[in-house]
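Right, one structure below, let's go through it.
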Amino acid sequence: MQLVPCPWCGPRDDAEFHYGAEAHVARPSVPADCSDAEWEAYLYLRRNTKGPFAERWNHAHGCRRWFNVIRDTYTHEVLASYKPGEAKPDIGETDRAQKDA
Amino acid sequence: MNRQTNRFAPHPTLGGGRIDRSSPIGFSFDGQRYSGYAGDTLASALLANDVHLVGRSFKYHRPRGILGLGAEEPNALIQLARGNRSEPNLRATQIELFDGLDAASQNRWPSLKYDVGAVNSALHRLFPAGFYYKTFMWPASMWMTYEEVIRNAAGLGKAPEGPDPDRYEHMHAHPDVLIVGAGPAGLAAALAAGRTGARVVLADEQAEFGGSLLCEDDIAIDGKPAADWVAAVVAELASMPEVTLLPRTCVHGYYDHNYLLAAERVTDHIGAVVPNTPRQRLWKIRARQVVLATGMLERPLVFRDNDRPGIMLSTAARGYAVRYGVAAGRKPLIVTGHDDGYRTALAYAARGAQVVAVVDLRPEPKGPLVEAVRQKGIDILAGYSATGAFGGHRVEGVDVAVMTPDGSGLARATRRIGCDLVAMCGGFNPTVHLFSQSRGKLRWDDGLDAFVPDRIHDPVGAPQASVGGAAGTQTITAAVKDGIKAGLEAARATGSTARQPAAPKVEEPGSGEHRTLWVLPSEKPVGHQGKHFVDFQNDVTAADLGLAAREGYRSIEHVKRYTTTGMGTDQGKTSNINALGIVAATLGTDIPSVGTTTFRPPYTPTTIGVYGGRNIGKLFDPVRTTAMDAWHRANGAKFEHVGQWMRPWYYPKAGETMRQAVDRECLAARNAVGILDASTLGKIDVRGKDAAEFLNRAYTNAWLKLGIGKCRYGLMLKDSGFVMDDGVTTRLAEDHFHMTTTTGGAAAVLGHLEEHLQTEWPDLEVYLTSVTEQWAVASICGPKCRDLLAELCDDIDLANEAFPFMSMKEGTVAGIPARVFRISFTGELSFEINVPRRYGSALWNALMAAGEKHGITPYGTESMHVLRAERGFVIVGQETDGSVTPTDLGMDWIVSKTKTDFIGKRGLSRPDLMLSDRKQLVGLLTEDPTEVLPEGAQIVAQLKPQPPMVMLGHVTSSYYSANCGRSIAMALIKGGHGRKGETLSVPLAGKTVRVTVTDPIFFDPEGSRRDG
Ligand SMILES: [Zn+2]
């Protein structure tokens, strides 16, 4: 029932979208160079952040485009929405290193 | 028909209520006929007929009467109507009366007055707090039996047995401002917002707007009765084009980002099916601003046997008198800690009832309302407790006594006062349910003795305001003023610049200090004499709550579950705060430390049908059919679901079994001509200058050098290395391909490819378009299929050299423009003829007509499965389950060793994917050639008398093959590729089947039939 802002279509009900989990997990450019552990991390390991979180959404029942959203996973507040390839806005997303420390 | 003996005569100045005495209405309750008036609820009509006993309580089966006036009612639960339209657990206080209404009480047997379950009441010591947990936990194996007994004895109404015959619809609304509740605050907010021109939705659960103003006769607005102001405001709102008024609409769910659900009762009050009209309508509302004007709910007082019929909330008693012209009693007794109780005394006295006394918990009540009651000569018992009630099916009297100053005990002996109605006022709770559902934080207000809204959860994403009683406001003057302000601010937040209109002048009685006592003292402590009910619906008493606290429960969430308080269909609307107060007092702490409970949607019980709306039956999920569907149906096909598609499964002739039909179809496909409707295969148009490079990355094999007009089989993996889909893709031009996918995998493949294009390789210029629905496909196979096609196609050279295997030609078939593919899923000579969908039926008919002399035989998905299994072709999703690699399938040949990367390449070299004892695809032949293994059967090497045994794998496909003259099967078996020739066992219920491991290919291993 959340309102998800598609950068192309504007805010739409979340029923129109597929959730795509953590954003900015790039496919390694030369997979052959990855160790087994690195490849496993790319395939399966994702953060489970409580708080602002950069995540992917796909407007599956709309324009079919993928995009990124920074959303607080606890309050559901949407802090930013941006297209693939655009830089991640610096708005207090919990830093991975800081979280793991 | 009974007479309405308890109807007040219309008052010369106060009027006769909001009922229409010229419109009598006949209805029945428990089979007895009664009459009421238009404008009545079932509750007010029953009271007008002097019916107070309306139900039996849940646990003790005690006689119960009407406690409230609306949604808060815990006792008067009604089963309405009969047959599949019957609906349980409706509150009599919310059911609008209509002619022929057929109501029944619940939770009683054999009748309301003589109820066998009431024996529970005599055995009350067996039903302490946590009774269900303590009694029915051991042995656990008996729980199902206990539960059945409990449910039969408890039974809150009966669900209808058949499907709901009524129609429900969904509506979407996107207002600038949604206002919930049309009492004084909500009406004022709607007026202020509406006058700005903003798009406003005003919803109220009741039939008539006005809220509490409909139930008072001591309030004047702008010098006129409050009802006149209500009428004027509603008329103005109705004239505004951007304002939507939704009476009979309960906003019952408040979700993220100002998304709210409301259920509108469209025809329930008519009691008949109205043509072209749904019974109820679900409003899905996304509001930019929300104003919650949901008012307050009154709390009962907790005293001994406070559940006798005829004991009700003070505002309810007053509402019945003022709004419905009903004397809930002729000799009312008021018990109150608030001035508000005095208004009930005045309302009854004004209508000629004999108010026997006002029992006031406060030692020194004062103020204009107290003075007015005193002037009427009504006895005021200040500093008194109501120590206990008397009466069986109806209250007959109340014992009262002077309390000690701290209210914990009695200072003097009790005396009994006779009465036929007790109106009790234990204070007021803001109706914060929706605010809490939106995750707003509450604050305990010591002045009000109630929780009030404190902090909005998400002021940016879900801006909202609570006003009036919902915010803890205690006067109509303030409610109207705050409503105007909130309505205007909400409209301004959406862009309006209008100025604030003037607030009307409200005249209302002034009010003094109140006193809250969570339990009224009696001679004996709670639990020692009678019952002090807190939760009327679930029969939870003050003694139960005290016991839970003494047993160590500290959090109200645990106390709730242990005692079941607040867990009935009323969600504790009248009980939660009293329970909190009692637990906090027992623990010697304050209410905020005990916590508050979480309110969850829906605010009131809501019929499931309204959520389903029109998405039921055939509209629940779309059914996809091919262009040839009508032919299949006309020719007796049996169908199976494949994803959303309906595909012909097999075509039995008269008298044929499925096995006989499939055998006939399979033989024809290899000996004459078979024809399959292959339209459902997923088809994706891949275009762009980087299309070949993209396919090279998406499939395991090489694609850059595929010639134009050539086809290639491709296996698609996920990056984990596991098989995802397969299909044949054809190059139509240098930058243009036609991809096919499995029928069930089409959407997932398109999504997978789009995701990689958009997020990983945006530099590639490739465009993907689903064209599954654009093509109808007839696949013909068998030795005669070339002859057949030649009769219908004169612009393609069909000779093997001119039109080789794995190539595509464009031409016309039966005069229809077509793409013809020489690809085969059966191992036979085969042509897949693709035509635009609108020609699908014409193509099929032409092929069937021309093929008759060749013995053309349509075959369905079952024969397709058998034919491909005979040749050892896998079906993704049947031989694979998301954990199978190409190597496991024996398909190493299709995995490029030279490409540096493709999706899944790195995954394939993960250590666990390269183990030699992985489950691998093999063929299985049973010792008895007529034995057909069940798919999914487990395979073992070492048989034991009974499980557990070491299981090597399972059967993935198994059929009787008429072409092989025996059964065939495929299986995934640990280290299967190294087990060829071994004999293994398949233990089944009652027998064991011995099987030999073989290559998964059973027919024409040389592939000699492909070219015809
Ligand atoms: Zn979009």
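Some notes on this structure:
- Shape parameters for segment B:209-338, alpha-carbon atoms, Rg then Dmax in Å: 18.8, 54
- On a per residue basis, the protein assembly as shown carries 41 Å² of accessible surface, using protein heavy atoms and a 1.4 Å probe.
- Note on B:Tyr60: accessible area approximately 0 square angstrom, rounded to 10, probe 1.4 Å, nucleic acids and ligands left out.
- Expressed as a whole percent, the proportion of Cα-Cα pairs in chain B lying more than 39 Å apart is 59%.
- For segment A:1-38, accessible area lost to neighbouring protein chains reaches 50 Å² or more, against the chain alone with a 1.4 Å probe, at A:Met1, A:Leu3, A:Arg27, A:Asp36.
- Within 10 Å of each Cβ in A:69-77, the average number of Cβ atoms from other chains: 3
- Pairs spanning more than 25 Å between alpha-carbon atoms, out of B:Lys59/B:Lys158; B:Lys705/B:Lys905; B:Lys485/B:Lys505; B:Lys376/B:Lys505: B:Lys376/B:Lys505.
- Scoring B:357-367, B:798-808, B:909-919, B:857-867 by mean Cβ neighbours within 10 Å over their residues and listing the highest first yields B:857-867, B:357-367, B:798-808, B:909-919.
- Every Cα-Cα pair in segment B:910-956 was counted, and those over 11 Å apart are 76% of them.
- Ratio of Rg to Rh for the protein assembly as shown: 1.08 [Cα atoms; Kirkwood radius as inverse mean 1/r over pairs].
- Other residues whose C-beta falls under 15 angstrom from the C-beta of B:Ser909 contribute a net charge of -2, scoring Lys and Arg +1 and Asp and Glu -1.
- Shielded residues, segment B:703-748 - accessible-area loss of 50 Å² or more between chain alone and all protein chains, probe 1.4 Å: B:Asp719
- Cβ crowding within 10 Å averaged over residues, with B:722-730, B:659-667 ranked highest first: B:722-730, B:659-667
- Flagged links, alpha-carbon separation over 22 Å, of B:Lys683/B:Lys710; B:Lys683/B:Lys718; B:Lys718/B:Lys919: none
- Here the peptides B:452-460, B:842-850 are ranked by packing, the mean other Cβ count within 10 Å, and the order with the highest first is B:842-850, B:452-460.
- Helical mean residue ellipticity (222 nm; -39500 (n - 2.57) per DSSP H run of 4+; nearest 500) of chain B: -6000 deg cm²/dmol
- Percent carbon-and-sulfur accessible area, chain A, ignoring ligands, DNA and RNA, probe 1.4 Å: 50 percent
- Portion, in percent, of the accessible area of chain B that falls on carbon or sulfur, probe 1.4 Å: 53 percent
- Interface area, B with A, accessible, probe 1.4 Å, both sides summed, Å² nearest 100: 2400 Å²
- Across peptide B:692-698, the average count of Cβ atoms from other chains found within 10 Å of a residue's Cβ is 0.
- Total formal charge among the other residues, if their Cβ is under 14 angstrom from that of B:Ala349, Lys/Arg +1 and Asp/Glu -1: +3
- For chain A, the mean residue ellipticity at 222 nm estimated from helices alone is -3500 deg cm²/dmol, where every DSSP H run of n ≥ 4 contributes -39500 (n - 2.57) and the total is divided by all residues, rounded to the nearest 500.
- For chain A, Cys with no neighbouring Cys Cβ under 4.7 Å: A:Cys34, A:Cys63
- Cα coordinate range in segment B:304-426, projected on the principal axes (Å, largest first): 39, 36, 21
The values are calculated or read from the model by the stated rules, or taken from the named source; none is laboratory data. These figures come from a predicted structure and were not determined experimentally. Backbone-built Cβ (ideal geometry, glycine too); neighbour counts: all protein chains shown. SASA here: full protein model, heavy atoms, side chains in, ligands and nucleic acids out. Shrake-Rupley method; radii C 1.70, N 1.55, O 1.52, S 1.80 Å.
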